[in-house]
Structure formats: C-alpha cells, structure tokens
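Only one structure is covered here, and it is reproduced in the block below.
The values are calculated or read from the model by the stated rules, or taken from the named source; none is laboratory data. Since the model is a prediction, treat every value here as computed from it, not as a measurement. Every residue, glycine among them, receives a Cβ derived from its backbone with ideal geometry; neighbour counts consider all protein chains shown.
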Amino acid sequence: MKVIDIKNLTKIYNDSEYKVNALNGIDLSFEEGEFAAVVGPSGSGKTTLLNIVGGLDKPSGGEVIIDHTNIGKLKSSRLIDFRLKNIGFVFQAYNLIPVLTARENVEFIMHLQGKPKAEREKRMKDLMSAVGLSDRIDSRPSKLSGGQQQRVAVARALASKPKFILADEPTANLDSKSTENLLDIMEKLNKEENTTFIFSTHDARVVKKARRVITIEDGKVVSDEIRK
Amino acid sequence: MLWSVAWRNIWRSKVRSLVIICALTIGIFAGVFTWALYEGMVIQRINSAIKTEASHIQLHHKKYLENPDVKYSMNLSTRISEQIDSMAGVKAATVRVIVNSMIASAETGSGVQVVGIDPDKESRVTNMYEKIIDGEYLEGVKRNPILIGKRMAEKLNVNVRSKVVLTMQQMDGEITRAQFKVAGIYKISNGMYEEMTVFVKKSDLINLIGLDRTGSHEIAVLLEDDRTYNDIRDKIAARYKDLDVKSWKELMPEVSLVEETMDISMYLILGIILFALLFGIINTMLMAVLERVKELGMLMAVGMNKIRVFTMIMLETLLLAFTGCIIGIILGYLLTLLLMKTGIDLSAWGDAYERLGYDTVIYPIPDILIAAKVSLMVFVTGLIAAIYPAIKALKLKPAEALRIDI
Ligand SMILES: Nc1ncnc2c1ncn2[C@@H]1O[C@H](COP(=O)(O)OP(=O)(O)OP(=O)(O)O)[C@@H](O)[C@H]1O
Ligand SMILES: [Mg+2]
C-alpha cells in the first residue's frame, strides 16, 4: 500500500537577494513498512524534502499526497491536526520537552490526541520497554544521555501510531555505539509495528542498515536503490 | 497537562521568575495593605461623623442650613423628637439648640458654635460622652457647665474648672453674655470640629437667648441600622413637611465623597502599580518565548495547535502573575490582621489628617472584597501581558524555528 506519493515536487526559497532552487522536481513514492534513507551532500535538499513531506513547509510546485490528501493545499491549522494524526517526527535535537519526564514526553502527543489514560499508559510502557528504557521512565531529558533521549524521541514519535515517521539526521549528535543502538531499535520497531521510517543521514553506518537508499543532489533524485 | 507544563516552565529560569514574582508580591502587598488602610481610614471617618458628630438624620427649620441664625428655630421640637424616637428603625432622637458665639478666657478669645444639649438624651444619640479626656460630661459643675474640645482648651489656655465667657445674640437681637465653667474636655478625631464646637446644657442656653422651652435648631436622629438612612429620612420628611430633613450624606457631602471615591482612588493606585509591573511581566515572558524557539517549533511540528500554544503561554503568564499576587495578598492580609487591633499612628506626619477630620491612628480593615478586586486586576494585567509574547510564539514557523541554531 502506498503511504506517500510525491509528484514533481519543487521548492524555491525566495530570499531578498538569493533565489535557491532547493528541490527541482522530485518524484518518489513510499510503500507501507519501508525503512528508507535519504542521503546526499550538505545542501542537497534532504531537510527541505523531509520538511515538505512532513507538512512543516509548503512546496513551491508539485504534490505530496498522503492518504488521498494533497497536503500542500491544506491550511496551516488543518496541517497541524494532520501531522498530529498521521506523522511521527524525530529531529536531530530538541525533541523532548525538558520539563516533562520521559513518560510524560511519550504520553504528550497521545494527550493531544485525546487518548484515554489507560491506553496512554499501556502504549508508553510498551514503547519504553521496546526502546530499552523501562527503568528510566521517570527521568527528565536532562538526566538522560543523547542516545537515550533519541530513543525516547523514537518512542514518542511512535506513540501516536502514525502512518510514517520522518527522522532528519536522528543520529547526527550521537557516538557510533549509540547510533548503532538507535538504528537497531528503529529497525526492530519497523518490523514489529510495520511502521514506515524515512530518515536522512550523512553516516555510512546508518546507510548500511537501510533497505532503500535514495540519493539526492542539487534537489534531484540521482539514485534510488532497493536492497535485499 | 498544559497546566502542569506551564507551571514547570515557569521554574526553568528560577531566578528570572523569582525576580518578577517578588516585584509582583511587593507591588500587590503594598496595594492590598494601602487599600485596607484607606478603607479603615474612611470607615473611621464615617463612624466618627455619624456616631460622634452628625448622627444619621437631622431635622432643621427650612431656612436654617442656608443661614444658621438663631431665629430659624423649630417650634414644639421636643414633641417632634419624642415622636421620631418612637418610630420603627429609630434608636434615639434628641434636640439641640445651636448658637454662634464668642468664647473668651482670661487670655484670649475665639469664635465658636455653642450647642445646647440634653445630656441624657444626647448620650443615647452620640458617643461624645465617651470622648471626655478630662473632667466630666456636663457634670460636677453646679452652674453653667461647659464642655470644650482639647484644641479649644489649648487655644484658650484653660483647664477643667476654668471660667470662660460666652457672648451671643438673643432671639430679640440683643447681645448677652454669661460666664460658664469648664466641666470637661473632649477629644475626637475631627480636629476642626473640636476647635469649633462647645457643649452646654440646653436649658442654660434657652434661658440665655430667650428661646421657647420647646424650641430648638436641630433634631438629631440615630438609626438602628446604618443602611436605612434614606428610607427613614423619607418617612420622617413625609410626616414633617414643613421641616428640612437630611441624611448624613447630604449634611456632610465631603465625607460621602471620600467613601464613594475610595474604590476609584484605589483602582487608580493599583492600576499604576500594575502598569509598571506589566512591562516586567512582558519582558520575562518574551525572554521565555524567545529562548524556547526550537522547543516551540518542535511542539508545533509534532501537532500542538495554535490554540494550545497560545493557552500554554497565557497560562504561564497568569500563573507567574498569580503566584506573586497570592503571596502579596497573603502578606498584605497578615499585616492588616496584625495591625487591625493596634492601628498605625500617622501623627508623625503632622496634624493635617486630623484637621480634615481623620483619626491619626488608623485601623486597617481586613476585607475579602479587596483581595477579590486585586485578583481581578492582576488577572486582567496577566492577560494583557501574555498577549504579545503569545503572539510571538504563534508567529513561529516550525520548519524555520527548528533550523535556527541557539
Ligand atoms: N529558509 C531558507 N531560506 C533560504 N534558503 C534555504 C532555507 N532553508 C534551506 N535553504 C537552502 O536550501 C538548500 C537545501 O537545504 P537543506 O537544508 O534542505 O539541505 P540538507 O540536504 O538538509 O543539508 P544538510 O545535510 O547540511 O542538512 C540549501 O542550499 C540551503 O541553503
Ligand atoms: Mg539537513
């Protein structure tokens, strides 16, 4: 089943002086359950692509169709609800609310979705154990390592049972051991929950784990390779 | 959830939040206490005006208030007074003969208003008999006793048992004079009144000026209930159509003005305090928003909508304001309760207050309504202070906020 359909997507940043063609006609589609990496040199448009697919930014041209909806046409207030229901995010940093404990961070989005307490509690416990942090559920982010924080972020992104998860360089701030650990957890959850993961990276070890590698350069897809 | 996030967010910058909370606490503490003090001052003034000076309602000859001449007296006033005394809602009524006169001691003289009273009946209407600081209330002196104020005694340099001479006009226009002996000296909060008013026995004064035995210039009426003065004034006025019937509010417009403008004055003072604090709150909240740009961007990215972001910033601002507000109100209350019995002595500030009729020792009044009014004002201030920072937060675009490096 097709989760995301991207057709001839373009993005032009129109600053006062510069005009940057960040995306130059991208055609891509993602099936349910994919574990895909977006790679490319710095400035190639990875973040721009993920932001537009995630509904955080508007395209200049083309379409992004998710669940029969062209999200580029949604009003920003509708878009927030759309993100809440359909998309999980893991960022490079600042993923968690510092004043909330790990448990509260994971439950936060379910709270916004209006899920009942018992359901929130159960899902939170399942996910915290899946990311291997059952014993740290009451810690605040500042008491967790960078790797642990990213694992909580993954649990948080999955908590709302989104259609897919977008992760822009989730391992950029992590050492190699934490990187490997986080990727293993993401892979496991991808298989167990059949959640689609799309992540961007510069890291060769991360790329190695991906089952699909999309390379973009100057805002164009230059290769799209499916492994295994 | 939003409440608890907002509350915890306040304590992320402990020092910054504490500084603004302290500023709020001090401002509101000062406001609440001043209000309680002011209310005490006004209520004491009204009490003194009613209980010692004017009573609730007075009757006069129709022309008397315009031109207080001895000839504008009321006939049969002792009977009228007795009739009013037996009306429902009336505690007591008494008649007074009032003559403008000159008073002189061996050393000096002064203008004065001589009030002839029936001591027994008068003491049921006013509490002047409680204000005697030396001597007795028109007693202890056989012939022509007189009660004078402390300020008057100082001015004339007389003591209890000193002799003074009163010079006045009789009903027929002739000038007469008589010697009186100081029976007592009184002291009340209204310095002007104290300096202007002396009391003698009604019978002595009637003899002196040649007034009819039933005549008088003023009937003073004390009511059972402080709030019924308008109703009962109307009832009395309906019964005695040819007399001038007025409530204390009409007789002392300056006192009722202070009562009516008290709240406005306090709203103004607190408004100024809160206006200054407003900028402090805005500044604190603006910093709180700007240093959390990335986090707010993330929250919007993962699905926190604008209403919730706005509410969160609002709640943070209001919680911040109300923390200071509640501590300030509690402290203001504690100080009020502490000083409620002992009072605050303002005499160090000179006798200007006393001259205007105010006590120099003020007893602040603990009033729940003050806390309610102050809280309402802080709430409005908090709302206003929150708007700008909250709008700043709403203007963030998640994609851009997340790219910014801080
Ligand atoms: N808000 C913006 N305004 C103007 N130009 C922008 C903006 N955001 C990104 N760009 C430009 O768009 C191009 C693509 O940027 P993007 O951040 O998508 O690259 P990237 O592949 O994520 O790079 P990196 O690997 O360094 O994160 C770059 O040339 C960048 O300078
Ligand atoms: Mg990037």
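Observations
- Among residues of segment A:20-53, those that are within 16 Å of ligand 2 (Cβ to nearest atom) and in contact with a helix residue (DSSP H, G or I) (Cβ under 7 Å, 6 or more places away or on another chain), counted: 8
- Exclusive hit being closer than 15 Å to A:Val213 by Cα and either within 16 Å of ligand 1 (Cβ to nearest atom) or outside any helix (DSSP H, G or I) (or both), set A:Val38, A:Val64: A:Val38
- Candidate set: segment B:70-104, residues that are in a loop (DSSP other than H, G, I, E, B) and touching a Lys or Arg at 6+ places or on another chain (Cβ under 8 Å); chosen: the one farthest from B:Arg177 (Cα to Cα): B:Met87
- Residue list for segment B:123-150, filter: touching a residue at least 40 places away in the same chain (Cβ under 8 Å), more than 24 Å from the chain's Cα centre (by Cα) and either part of a loop (DSSP other than H, G, I, E, B) or buried (at least 19 other Cβ atoms within 10 Å of the Cβ) (or both): B:Gly135, B:Glu136, B:Tyr137, B:Leu138, B:Glu139, B:Gly140, B:Val141, B:Asn144, B:Pro145, B:Ile146, B:Leu147, B:Ile148
- Checklist (1) of a type in the set (A, V, I, L, M, F, W, C); (2) within 13 Å of chain A (Cβ to nearest Cβ); (3) surrounded by fewer than 18 Cβ atoms within 10 Å (Cβ to Cβ) applied to B:Val293, failing item: (3)
Quick grid of which residues meet (1) within 16 Å of ligand 2 (Cβ to nearest atom); (2) within 13 Å of chain B (Cβ to nearest Cβ); (3) assigned to a helix (DSSP H, G or I); (4) in contact with a Gly (Cβ under 8 Å, 6 or more places away or on another chain):
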position: A:Arg123; (1), (2), (3), (4): no, no, yes, no
position: A:Leu127; (1), (2), (3), (4): no, no, yes, no
position: A:Gln148; (1), (2), (3), (4): no, no, yes, no
position: A:Ala153; (1), (2), (3), (4): no, yes, yes, no
position: A:Pro162; (1), (2), (3), (4): no, yes, no, yes
position: A:Leu166; (1), (2), (3), (4): yes, yes, no, yes
position: A:Thr171; (1), (2), (3), (4): yes, no, no, no
position: A:Asn181; (1), (2), (3), (4): no, no, yes, yes
position: A:Asp184; (1), (2), (3), (4): no, no, yes, no
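- Every condition in (1) assigned to a strand (DSSP E or B); (2) within 14 Å of chain A (Cβ to nearest Cβ) holds for B:Leu315 except the one numbered (1).
- Checking each residue of segment A:147-168 against the condition of being within 16 Å of ligand 1 (Cβ to nearest atom) and under 14 Å from A:Ala93 (Cβ atoms) gives at least one match.
- Number of the exception - B:Asp345 against (1) surrounded by fewer than 20 Cβ atoms within 10 Å (Cβ to Cβ); (2) at pLDDT 90 or above; (3) touching a strand residue (DSSP E or B) at 6+ places or on another chain (Cβ under 6 Å): (2)
- With respect to the conditions (1) away from chain B (no Cβ under 12 Å); (2) farther than 22 Å from B:Ala399 by Cβ; (3) assigned to a helix (DSSP H, G or I), A:Ser139 falls short on a single one, namely (3).
- Residues of segment A:79-113 that are among the hydroxyl-bearing types (Ser, Thr, Tyr) and within 7 Å of another protein chain (Cβ to nearest Cβ): A:Tyr94 alone.
- Out of B:Leu37, B:Leu18, B:Leu2, one residue alone is surrounded by 16 or more Cβ atoms within 10 Å (Cβ to Cβ) and either outside the structural domain of B:Gly343 (by TED's automatic domain parsing) or more than 30 Å from B:Trp248 (Cβ to Cβ) (or both). It is B:Leu2.
- Restricting segment A:200-219 to residues that are charged (D, E, K, R) and within 13 Å of ligand 1 (Cβ to nearest atom), the residue that is surrounded by the most Cβ atoms within 10 Å (Cβ to Cβ): A:Asp203
- When B:Thr317, B:Thr284, B:Thr323 are checked against the criterion of being modelled with pLDDT of 90 or more, surrounded by fewer than 19 Cβ atoms within 10 Å (Cβ to Cβ) and of a type in the set (S, T, N, Q), B:Thr323 stands alone in meeting it.
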